[in-house]
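The values are calculated or read from the model by the stated rules, or taken from the named source; none is laboratory data. Treat the numbers as computed from the prediction; the structure is a model and nothing was measured. Here the Cβ positions follow ideal geometry from the backbone for every residue, glycine too, while neighbour counts run over all protein chains shown.
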Amino acid sequence: MNNEMAINKMGTMPVNRLMIGMGAPMIVSMVLQAFYNIVDSAFVSNMAENGEAALNALTLAFPVQMMMVAVGIGTGVGVNALLSKSLGQGDIKKVGLVSGNAIFLGTVIYILCVLFGCFGVKAYVASQTSNELIFGMAVDYLRICCIISMGIIFFSIFEKQLQATGLSIWSTAAQIAGAVINIILDPVLIYGLLGAPEMGVRGAAYATVIGQVASFIAALVFHIKFNRSVPFKPEYLKPSARIIKGIYSIGFPAIIAQALMSFMTYGFNVILVRVSESMVTAYGLFYKIQQFVLFAAFGLRDAITPIVSFNHGMRSRKRIMQGIRYGIEYTLIIMVAGIVLLEVFASPFARLFGLSGETEALCISAMRIISLSFIFAGLNVSLQGVFQALDGGLESLVISVCRQLLLVLPVAWGFSLLAVRSADMSWTVWLTFPIAETVSAAVAIVFLRRIYKRTISAIND
């Protein structure tokens, strides 16, 4: 009964209330996801020995972690949108097939992560550093995260199914469980507290994957117990080309969008190391700090997509337009708050990680310059959620390519030439992001007008 009420509210509750009700738990969930990416850094950077080297190692490993998240979340986004649309159309059998095929896809993704963890990690890390200490730490950390990645992969699958049916409170509860476990285990396993062996960066990796597995198990339990509108039969696990195509027609652009973050970070690290290792460490730390703001926007985007998608399936133009309006407005509020937060607290945030003077100064300048791009980044993120909900996967993909690759690496390379010639010009590299987000936002507005004419204007309430 409760699940039926959750489905009904997707088409009946006032959209502004629905956006807040669904978005708030998703924002909390995504912000907690950011904890996975920064808690390890906070503890390893304060190790008694080699703390800054350990932080650098985690920075080098981070793009692969982002890639795993990209594939898991991107697949989940496709599942979310297709499942929501099928519910709006009343096609319960298709709902079951989408859910079953999502589990199949999660299994395939996990196998690929294990293979990379066994055979690809050393070559990947070696492409970014020749420092033996950093190399060893990065390999140890990343190998554990890849081989025991079933938690982050399958949590994404079941999280998105809970969100698609309006039960985001339970996906958030699962996320909280994993985050709390990760935070508790980090100092215990890194520093060797309470009788545990002192494991350093390997302890950080084990704390992360144990927390992720806990989140997955909790999400699975909540899905089985509360998600009554998603039927399960063993035959639904059989791969269906039609269903998988439907999932990835929506989810593939989301995978690319998330994966581009990984490629961009990797490419940016390669560019920055030409300037100094301190630049790499400073950017890696800033990137994880800014995720508390960007992931909040991603959480609201994950509410925008099922709300707009459900009402697209229900053919309600009024509610679609309200979903777009409130989604953009609330995202921009989040981003303005993020700008204020980082501008005011840039120095205290940097000091938390025990950085050297040069690295700390670079991290502070990154926070104060890159945060200026948040307004345009928020507009891009919210519109990508709209595009995914309205079968605009190509438009979403183009925006991702612009803001995370095409307008980033070439511009950053140009600014790095100035930084190599003069250390006083290092700060100019951070200008890359305000430039990329502003131009991408202009392109996104053009796409929104095109999608309105193509899809929304044809709907009669």
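Restricting to region 404-461, count the residues that are within 30 Å of GLY313 (Cα to Cα), more than 24 Å from the chain's Cα centre (by Cα) and either aliphatic (A, V, I, L, M) or surrounded by 20 or more Cβ atoms within 10 Å (Cβ to Cβ) (or both).
Counting residues in region 404-461 that are within 30 Å of GLY313 (Cα to Cα), more than 24 Å from the chain's Cα centre (by Cα) and either aliphatic (A, V, I, L, M) or surrounded by 20 or more Cβ atoms within 10 Å (Cβ to Cβ) (or both) gives 5.
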Can you tell me which of GLU343, GLU360 is within 24 Å of the chain's Cα centre (by Cα) and either within 24 Å of VAL39 (Cα to Cα) or acidic (Asp, Glu) (or both)?
GLU343
Would you be able to say whether some residue in region 125-141 is in contact (Cβ under 8 Å) with a residue 24 or more places away in the chain, surrounded by fewer than 24 Cβ atoms within 10 Å (Cβ to Cβ), of a type in the set (D, E, K, R) and part of a helix (DSSP H, G or I)?
yes
Report every pair of residues separated by at least 6 positions or lying on different chains whose Cβ atoms are under 6 Å apart, first residue within region 396-410 and within 10 Å of LEU260 (Cβ to Cβ) and in a helix (DSSP H, G or I), second modelled with pLDDT under 90 and of a type in the set (Val, Ile, Thr).
LEU397/ILE256; SER400/ILE256
Flagged in region 91-107 as among the β-branched types (Val, Ile, Thr) and closer than 26 Å to CYS146 by Cβ, in numbering order, are ILE103, THR107
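With respect to LEU115, determine if the residue is part of a helix (DSSP H, G or I) and either under 22 Å from the mean Cα position of the chain (by Cα) or crowded, with 19+ Cβ neighbours inside 10 Å (or both).
No.
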Can you find a residue that is under 21 Å from LEU97 (Cα atoms) and not in a loop (DSSP other than H, G, I, E, B) anywhere in region 281-302?
no
Does ALA6 meet the test of being at pLDDT below 85, assigned to a helix (DSSP H, G or I) and under 24 Å from the mean Cα position of the chain (by Cα)?
no
With respect to SER86, is the statement that it is more than 30 Å from ALA204 (Cα to Cα), in contact with a helix residue (DSSP H, G or I) (Cβ under 8 Å, 6 or more places away or on another chain), touching a residue at least 40 places away in the same chain (Cβ under 8 Å) and part of a helix (DSSP H, G or I) true?
yes
Of (1) without any contact (Cβ under 8 Å) to a residue 60 or more places away in the chain; (2) part of a helix (DSSP H, G or I), ALA458 satisfies every one except (2)
With modelled with pLDDT of 85 or more and either of a type in the set (Ser, Thr, Tyr) or farther than 28 Å from TRP427 by Cβ (or both) as the only criterion, which of VAL293, VAL270, VAL308 stands out?
VAL308
Note on LEU355: of the conditions (1) in a helix (DSSP H, G or I); (2) over 15 Å from LEU448 (Cα atoms), unmet is (1)
Determine which member of the set ILE375, ILE369 is over 30 Å from ILE307 (Cβ atoms) and not acidic (Asp, Glu).
ILE369
Within region 178-237, restricting to residues that are closer than 30 Å to ASP91 by Cα and aliphatic (A, V, I, L, M), the one that is modelled with the lowest pLDDT is VAL230
Residues satisfying the stated conditions in region 207-238, i.e. within 25 Å of the chain's Cα centre (by Cα) and among the small types (Gly, Ala, Ser)
ALA207, GLY211, ALA214, SER215, ALA218, ALA219
